[in-house]
Each structure stands twice: as structure tokens, then as C-alpha cells.
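The values are calculated or read from the model by the stated rules, or taken from the named source; none is laboratory data. Computed from a prediction, not measured in an experiment: that's the story for all the values here. Using ideal geometry, Cβ is built from the backbone for each residue, glycine included, and neighbour counts are taken over all protein chains shown.
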Amino acid sequence: MSRLRIAFLTPTAAVMGLLFFAPLLIVFAYSFLTRGAYGGVMRPWTLEAYDRVFDPLYGHILWRSLWIAAVSTFLCLALGLPLALYIARSASYKTLLLNLVMLPFWTSFLIRTYAWMFLLRDTGLINTALESLHLIRAPFPLLFNSGAVILGLVYGYLPFMVLPLYATLEKLDPSLLDAAADLGASPGISLWRVIIPLSKSGMIAGCLLVFIPCLGAFLTPDLMGGGKTVMIGNLVQNQFTTARDWPFGAAISLWLMVLVLFVTAFLGRKGEELI
Amino acid sequence: MKRFLPEYAAAAYLFLYSPLVVLGIFSFNSSKVAIWRGFTWDWYIRVFQNSALLDATLNSLIIACAATLVSTIIGTLAGYALWKKRSPILTNSLYLSLMTPEIVAGVSLLAFFEWLFRFLHVQLGMHTVILAHVSFCLVYVVIVILARLRTFDSSFEEAALDLGATEWQVFRYVTVPMLLPGIIAAALLCFTVSFDDYVITSLVAGVNSETLPMVIYAMARKGVSPEVNALSVMITVGLGVLILLAGRLEQRSGGKARRP
């Protein structure tokens, strides 16, 4: 097998090496260089980019990203848990119900974001409807704020939460809930003391699977946050395009990667079974 | 709490689908503003008359087909080899690439290509977009193939080996035909992921490689246009059909592998 195995694995290993690890290595090297006049980089080697990561000016972008990702993750959990519970408990149509959650996820992310922009804009459906009913005089600012970004992220990543939650809840023995009820536990108590502790692994996996893409989000804050709700992803993109400060953009990217590495290692084998 | 679950689930599904449904309804609106003025096919006709959109669609199709072909072939080979014997390093690398934020993958590929081009005299363009797409589509193929192989009955392979087939012959004439629905499912998934990508594509695309998501992005930034609604409906329906097809094939290949 060994020669065939090498032949089968080499192309994928080559793609990963050349198009994933080598680019990361370049970014790593660039983060220690000085910015070039028209983008790109030049010598001397310096740690300046890393100093600037902790500048208060950028510190609040990091904080904003962290809290937006945290709130979005929490909302996904709060919305996803009852939904996963319902799907796991439903007698028939389990696969159909689960696929209905996944289907929008596989269709275009950009279009789903645009759909919300269509509803929330100043000239969008909600504001137009409210105005024509004379409930409001001026359009209500629904889009281009943190709330809109959180809504977009929750909408985009809810399936990532439901899937692992469903996987653990489906294995949960319903007789445990009957036992809890027989022993006098109210539904709220059995949720808190039986369902939640037993679905902990699914909850952790779901939270990480939502938190990571939210933290590195670019498209949602870019389209739904407007200029005011800049997150780390937008900062990175800006450094590589408009601002043309590649070393600084590279340094931020690496910090983001360190975080992702940490979380991926934490997920480890558990993620392998759940994704 | 249990009593409210069905109502809650209904609300959740409404939340997931209503924005798309509303978008679809207003693609038939004869007015440009978000007030219903009557039914029209105009916006759909305009999509087909917009040459920039058609060019971008062609680019997207070429890129998605090329990236799908390459990723599906090498991903299937890798998935098969990983099923025979684990390789934690490669598996973890693939999962790491899945967890990497798109924006980081995008800027690192941009930096890499720009660095490479100092030595090779080429420019950003369709080829760089295709390479980038292969790099992020690959993991989806491996995941689907591995998932299919988990329920794969290896006794057919053993029978073929006993009858004197070489390992390559076993793979070519026994495994691939039995796995074919799974491979097609992986390809369809790959196609949708590639077709939809904006973040990485926009960073590594050159002047003549504008893709459909890039055009939609530009239009979405400009403002609401029913033309985008119409285009969105067509893409969503198209990708939705592909995904349902992929799901069907995936299930069938699982069943077939257990009871051929």
C-alpha cells in the first residue's frame, strides 16, 4: 500500500503546503518587515508592526470584535438549543428538519447578507412599510450598526450551532427526562440540570464553531456594519488594500491565527467527529 | 417549556427563510422602491441583458468547474488514503485550513502570489483564483469522502484483492464505482462553495477575473436594485438544487455501500 498511499496523499499535501502553509509563512515573515511605499514590504526587519497591534486605537477594534463575536455566539446558543431540541425530539422528519436548517447555509452567504440589507436599509422594506403606514416619519436606522452586524452573524452561523447540538441531543436518552419529571423536576429544572449538563460537549463545539468565524468575520461587518462597526477582519483587509501597510496587516492576521490555532487544538478530535 | 417547542421551531424556521422569501417576492416587483406595485419579469430580463453580469457569471463558472475538478480528484485520493491509514498531520492541517478565517487565508495568498511573482513573470488572474479555490475546497471533498467511507463495506475490496487484483485495480474498479455518488456529492458541494466565495476571490483576482459574487457585492454596496434580487433568486435556486442533489447522492451512496 505504501507507494500507492504516497501517490494518493502527495497532491493534497502539496496543495496544503504550497497554498496554505507557505502563504502563512510569508505573512509571518512580512510581519517583521517595514512597509513599502506602494504596498508590499522592504527591509529593515523590525518589531514595529507588533507594537502597533496593542495601540489603543486598534485595541478597541479588537475589543469590539471580541464582544460582537461573544454576543453572537450566545444568541446562537440561546436560539439554537431549543431548535436542536425540537429536531432531536421530533418523531419523524428529523433529517428533513435538520436539512432545512442547513440548506440556507449552503446557498450564498453574500446573498443572505444582501437579503437582510434589503429589509433593513433606510429605503428597505421595513422602513418603507412603516413610513407608508405613517408609524414613523423618518427612516429608522436599522442597518449600519453593531446590532445589524450581530443579526447578520447570528443568521449566518446559526447552523454551525444547531448541528453539533443536535448530534449530542439526539443521543440523549428521553427516559432521563421522564425520570426527572417523575422525581418532581419542573421542565425548567430538567433543562438546567439534565439536558444542559448532558449536551455540554455539543454546546462547547457549537460555541467554538460559531465564535471563530464571527471573530474573523469580514463580509458581514463590511456590508451591514457600515464604516462605524469595524472588526478585525475589516482592519486586516484595509491594511492590505487601501492603507497599504502589509506588515501591520500581517501582524494582525497572525494574532488572529494564533487564536484560531489555540481553539482548533482545543477542539481536537472532538471536532473531527462533529463537523 | 416542551409545549412551546413547536411554536418556537416554527419561528426559527421563519427567521431562517423569510428574508430569502421576501427577497424573492420583490424580484417580481415592477417598482424600484420597496413597495409592491405589480408583477413583472423585467428584472430577470435585465439580468440577461447585462453583459458585465454575464461575463462575471462565465468567469465564476470556469473557476468553479476547474477548482471542483482538481479538488475532487485529489481530495478523493487523499480521503481514500486517510481512510486506509490515518495521518494526523495532514488531517489536522486540513481542519486548520477549515478554521482559518477567510480574510487571513485571502491576504496570505495575496502576499504569497505577489512574492512569487517577483521570480515568475505572471500576474494575478483567473489562474490565481483557481489555485486559491482549490486550497479551500479541498477540505470539503476530504470530509465528504471520509464520511462516506465510514459506512463503506470493505469486504468487496478484500474479495478483489483475494482474486488477485492490485491495490490500484481495487481502487479503480471496485472502490471508485461504489463511491461514485459520494464523489459527485463532494463535487457538487465544492462547486457551490467555490461559486459563492467573495472574500478570498476579491483579494487574489486580477483585472480580468471579476466573478459573480464580486459584481453582486459591488451592486449591494451601491443600494437596492431589484436586478440583484432577481439574480439572487436564480443563484439561490440553482445552488439549492445542487445541494439537494448532493444530499440525495450522499444518502444513496451510503445505502448502496452497505447493501449493494
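Among the residues of segment B:70-89, which ones are more than 8 Å from chain A (Cβ to nearest Cβ) and more than 21 Å from the chain's Cα centre (by Cα)?
If the condition is that a residue be more than 8 Å from chain A (Cβ to nearest Cβ) and more than 21 Å from the chain's Cα centre (by Cα), then B:TRP83, B:ARG86, B:PRO88, B:ILE89 are the ones that fit.
Quick one: A:TRP45 ticks every box in (1) surrounded by fewer than 21 Cβ atoms within 10 Å (Cβ to Cβ); (2) among the aromatic types (Phe, Trp, Tyr); (3) not in a loop (DSSP other than H, G, I, E, B) except a single one, so which number is it?
For A:TRP45, the exception is condition (3).
Residue by residue through segment B:154-212, note down the ones that are in a helix (DSSP H, G or I) and of a type in the set (Gly, Ala, Ser). Give the derivation first.
Initially, segment B:154-212 is screened for residues in a helix (DSSP H, G or I), giving B:155-162, B:167-196, B:199-204, B:212.
Scanning segment B:154-212 gives B:SER155, B:ALA159, B:ALA160, B:GLY182, B:ALA185, B:ALA186, B:ALA187, B:SER194, B:SER202.
Looking only at segment A:242-260, which residues are more than 8 Å from chain B (Cβ to nearest Cβ) and over 15 Å from the mean Cα position of the chain (by Cα)? Break it down into steps so the answer makes sense when it comes.
Kept after step one, since they are more than 8 Å from chain B (Cβ to nearest Cβ), are these residues of segment A:242-260: A:242-245, A:247-248, A:251-252, A:254-255, A:258-259.
Result: A:THR242, A:ALA243, A:ARG244, A:ASP245, A:PRO247, A:PHE248, A:ALA251, A:ILE252, A:LEU254, A:TRP255, A:VAL258.
Determine the pairs where a residue that is more than 15 Å from A:ARG64 (Cα to Cα), located within segment A:213-226, has a partner that is modelled with pLDDT of 90 or more and assigned to a loop (DSSP other than H, G, I, E, B) with Cβ atoms under 7 Å apart, the partner being 6 or more residues away or on another chain.
Partner pairs satisfying both residue conditions: A:LEU219/B:TYR198.
Report the residue count in segment A:121-166 for those that are farther than 18 Å from A:LEU215 by Cα and among the β-branched types (Val, Ile, Thr).
5
If you check every pair at least six apart or on different chains, which have Cβ atoms under 8 Å apart with a residue in segment B:188-215 that is more than 10 Å from B:CYS137 (Cβ to Cβ) and without any contact (Cβ under 8 Å) to a residue 40 or more places away in the chain first and a residue that is hydroxyl-bearing (Ser, Thr, Tyr) and surrounded by fewer than 23 Cβ atoms within 10 Å (Cβ to Cβ) second?
Cβ pairs passing all conditions: B:TYR198/B:TYR217.
Residue by residue through segment B:90-126, note down the ones that are more than 21 Å from the chain's Cα centre (by Cα) and within 24 Å of B:THR175 (Cβ to Cβ).
B:LEU90
Which residue out of A:ALA217, A:ALA179, A:ALA251 is under 30 Å from A:ALA115 (Cα atoms) and among the aliphatic types (A, V, I, L, M)?
Numbers: A:ALA179 fails: under 30 Å from A:ALA115 (Cα atoms); A:ALA251 fails: under 30 Å from A:ALA115 (Cα atoms).
Going through A:ALA217, A:ALA179, A:ALA251 in turn, just one is under 30 Å from A:ALA115 (Cα atoms) and among the aliphatic types (A, V, I, L, M): A:ALA217.
Yes or no, residue by residue, for (1) closer than 19 Å to A:LYS228 by Cβ; (2) part of a loop (DSSP other than H, G, I, E, B); (3) in contact (Cβ under 8 Å) with a residue 24 or more places away in the chain:
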residue	(1), (2), (3)
A:LEU97	no, no, no
A:LEU100	no, no, no
A:LEU103	no, no, no
A:LEU135	no, yes, no
A:PRO139	yes, yes, no
A:VAL154	no, no, yes
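What's the number of the only condition in (1) within 30 Å of A:GLN237 (Cβ to Cβ); (2) outside any helix (DSSP H, G or I) that A:ALA91 fails to meet?
With respect to (1) within 30 Å of A:GLN237 (Cβ to Cβ); (2) outside any helix (DSSP H, G or I), A:ALA91 is out only on (1).
Yes/no matrix, rows are residues, columns are (1) over 25 Å from A:GLY233 (Cβ atoms); (2) more than 10 Å from chain A (Cβ to nearest Cβ); (3) buried (at least 21 other Cβ atoms within 10 Å of the Cβ):
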site	(1), (2), (3)
B:ALA186	yes, yes, yes
B:PHE195	no, no, yes
B:GLU210	no, yes, no
B:PRO213	no, no, yes
B:ILE216	no, no, yes
B:MET219	no, no, no
B:GLY223	no, no, no
B:ASN229	yes, no, yes
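Residues that are touching a residue at least 12 places away in the same chain (Cβ under 8 Å), out of contact with any Cys (no Cβ under 9 Å at 6 or more places or on another chain) and away from every other protein chain (no Cβ under 11 Å): does segment B:3-23 have at least one? Give the derivation first.
Pass one, segment B:3-23, residues touching a residue at least 12 places away in the same chain (Cβ under 8 Å): B:20, B:23.
Of the ones still in play, those that are also out of contact with any Cys (no Cβ under 9 Å at 6 or more places or on another chain) are B:20, B:23.
Right, trim to away from every other protein chain (no Cβ under 11 Å) and you get none.
Scanning segment B:3-23, I find no residue that is touching a residue at least 12 places away in the same chain (Cβ under 8 Å), out of contact with any Cys (no Cβ under 9 Å at 6 or more places or on another chain) and away from every other protein chain (no Cβ under 11 Å), so the answer is no.
What are the residues in segment A:56-81 that are surrounded by fewer than 21 Cβ atoms within 10 Å (Cβ to Cβ) and either of a type in the set (A, V, I, L, M) or under 19 Å from B:PRO6 (Cα atoms) (or both), if any? Walk me through how you get there before you give the answer.
Step one: of segment A:56-81, the residues surrounded by fewer than 21 Cβ atoms within 10 Å (Cβ to Cβ) are A:56-64, A:66-67, A:70-71, A:74-75, A:77-79.
Listed by number, the residues that qualify are A:LEU57, A:ILE61, A:LEU62, A:LEU66, A:ALA70, A:VAL71, A:LEU75, A:LEU77, A:ALA78, A:LEU79.
Let me confirm something: among A:ILE68, A:ILE26, which residue is aliphatic (A, V, I, L, M) and either in contact with a Cys (Cβ under 8 Å, 6 or more places away or on another chain) or under 30 Å from A:LEU191 (Cβ atoms) (or both)?
Numbers: A:ILE26 fails: either in contact with a Cys (Cβ under 8 Å, 6 or more places away or on another chain) or under 30 Å from A:LEU191 (Cβ atoms) (or both).
It is A:ILE68.
Quick one: which residue in A:TYR166, A:TYR155, A:TYR114 is facing another protein chain (nearest Cβ under 9 Å) and farther than 17 Å from A:SER72 by Cβ?
The unique qualifying residue is A:TYR114.
Filter segment B:100-138 down to the residues that are facing chain A (nearest Cβ under 8 Å) and farther than 25 Å from B:THR192 by Cα and list them by number.
Within segment B:100-138, B:ALA111, B:PHE112, B:GLU114, B:TRP115 meet the criteria.
Tell me, yes or no, whether segment A:219-241 has at least one residue that is over 24 Å from A:MET161 (Cβ atoms), within 14 Å of chain B (Cβ to nearest Cβ), touching a strand residue (DSSP E or B) at 6+ places or on another chain (Cβ under 9 Å) and surrounded by fewer than 18 Cβ atoms within 10 Å (Cβ to Cβ).
yes
Between a residue in segment B:124-146 that is farther than 15 Å from B:GLY106 by Cβ and any residue that is of a type in the set (D, E, K, R) and buried (at least 19 other Cβ atoms within 10 Å of the Cβ), which pairs come within a Cβ distance under 9 Å, given they are 6 or more apart or on different chains?
B:VAL144/B:GLU250
Please name all residue pairs, on different chains or six or more residues apart, with Cβ atoms under 6 Å, provided the first residue is in segment B:163-174 and is among the charged types (D, E, K, R) and the second residue is surrounded by 12 or more Cβ atoms within 10 Å (Cβ to Cβ) and at pLDDT below 90.
Cβ pairs passing all conditions: B:GLU167/A:LEU4.
Within segment B:44-67, how many residues are more than 14 Å from chain A (Cβ to nearest Cβ), under 13 Å from the mean Cα position of the chain (by Cα) and buried (at least 20 other Cβ atoms within 10 Å of the Cβ)?
Residues that pass the stated criteria total 1.
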